[in-house]
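Report on one structure; see the data block that follows.
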Amino acid sequence: MSDLSKRLNNDLAPGNTHYLIVGGLTAFGFVIACFSLFTTSRDILPLGAGLFSLFFLAISTIVWMVVVPRTFVPGFMIGLLTMLMGWRTAGLLGIELVAWALLPAFLSALAVFFIARRDDLKRAVPVMDTPQWGLTFLRLYVGFDLVPHFTEKLFAGSAARSEDISAFQSMDLSGAFWFVLVAGLCELGIAIGIGLGFLTRLAGACAALYFLIATYLGGHFSNGFIWASEGGGWEYPALMIAIFLVFSAIGATRFSLDGIMRSSDY
């Protein structure tokens, strides 16, 4: 492992106490999710969707407690992504107790990021400068912004998915179920590619193309520019496309899977 890779995995790490707090709070959300799964009617909480939420929260807890202290950058991003996936799946199922239980875990994870940023910028030679930290935060946000979209298509059960299927059927598209499935997989890929910073340049180009196609199929170009217009204009998709194209052009910062791979000796 190179010196830069060690700095990414060690120097940026704020300290084990912070990770244990996030991991403990996520574990608490997992326990509440277990309680909800076995005490809620299957008509309200489908077993498969509930198990998905438990699975993601279990992975997040393990990552925060075991992986993050050893390899901070990939552990932080994967732990946050899986936390958001479990949190959103529970929210879509209407399990408000789990949603509220995980709010402190999410806020603590954000605190870990900003503590790492503060500590890094205090160093004589920081791993990343202020603009790079800003780009990292923006990349994490726009990448993980897709979590609510793909979880309802892939992991939250047929009830949540039915609204998306109806939306595709309203576009006069045959095989609406398969369109929803493909769209969900594309959005999951964007969350991994942009959010985790994996093959970021390629992911940015593909994400921009996906949003362009989705905007066209959704009829947003004909609804005018303003997103608040009836049916939604193309203002928001254009903003996302512009951001994706920026990351396609510049790639990810060192706080990414690409950054880890570039800095390693492998």
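Assorted remarks:
- Flag if residue 248 is outside any loop (DSSP other than H, G, I, E, B) and either farther than 27 Å from residue 78 by Cβ or touching a His at 6+ places or on another chain (Cβ under 7 Å) (or both): no
- Criterion applied to 251, 184 was being under 17 Å from residue 141 (Cα atoms) and either assigned by TED's automatic domain parsing to the domain that holds residue 149 or modelled with pLDDT of 90 or more (or both), and the one residue passing it is 251.
- Looking across 210, 216, one residue alone is at pLDDT 95 or above, farther than 16 Å from residue 138 by Cβ and assigned to a helix (DSSP H, G or I). It is 210.
- Test: residue in the stretch 138-160 that is free of Cβ contacts under 8 Å to residues at least 40 places away in the same chain, basic (Lys, Arg) and either out of contact with any Leu (no Cβ under 9 Å at 6 or more places or on another chain) or within 30 Å of residue 23 (Cα to Cα) (or both): yes
- Annotation note: Cβ proximity below 8 Å between a residue of the stretch 36-53 that is at pLDDT below 75 and a residue that is in a loop (DSSP other than H, G, I, E, B) and of a type outside the set (A, V, I, L, M, F, W, C) (sequence gap 6+ or interchain) occurs for 44/94; 45/94; 46/157.
- Residue within the stretch 7-30 that is surrounded by 17 or more Cβ atoms within 10 Å (Cβ to Cβ), in contact with a Lys or Arg (Cβ under 7 Å, 6 or more places away or on another chain) and modelled with pLDDT under 85 present: yes
- Looking at 100, 87, just one residue is in the same structural domain as residue 17 (by TED's automatic domain parsing), in a helix (DSSP H, G or I), aromatic (Phe, Trp, Tyr) and farther than 17 Å from residue 141 by Cα, and that residue is 100.
- Condition check for residue 265: on the phi > 0 side of the Ramachandran plot, in a loop (DSSP other than H, G, I, E, B) and either surrounded by fewer than 20 Cβ atoms within 10 Å (Cβ to Cβ) or modelled with pLDDT of 95 or more (or both): no
- Residues (surrounded by fewer than 21 Cβ atoms within 10 Å (Cβ to Cβ) and part of a helix (DSSP H, G or I)) located in the stretch 189-199: 189, 192
- Within the stretch 123-175, the set of residues being exposed (fewer than 13 other Cβ atoms within 10 Å of the Cβ), at pLDDT 90 or above and of a type in the set (A, V, I, L, M, F, W, C) is empty.
- Residue 127, sole failed condition from (1) hydrophobic (A, V, I, L, M, F, W, C); (2) free of Cβ contacts under 8 Å to residues at least 60 places away in the same chain; (3) outside any helix (DSSP H, G or I): (2)
- Restricting 78, 95, 115 to residues that are touching a residue at least 12 places away in the same chain (Cβ under 8 Å), outside the structural domain of residue 259 (by TED's automatic domain parsing) and surrounded by fewer than 18 Cβ atoms within 10 Å (Cβ to Cβ) narrows the list to 115.
The values are calculated or read from the model by the stated rules, or taken from the named source; none is laboratory data. In this text the structure is predicted, and so the values were computed from the model without any measurement. Note: ideal-geometry Cβ built from the backbone for every residue, glycine included; neighbour counts use all protein chains shown.
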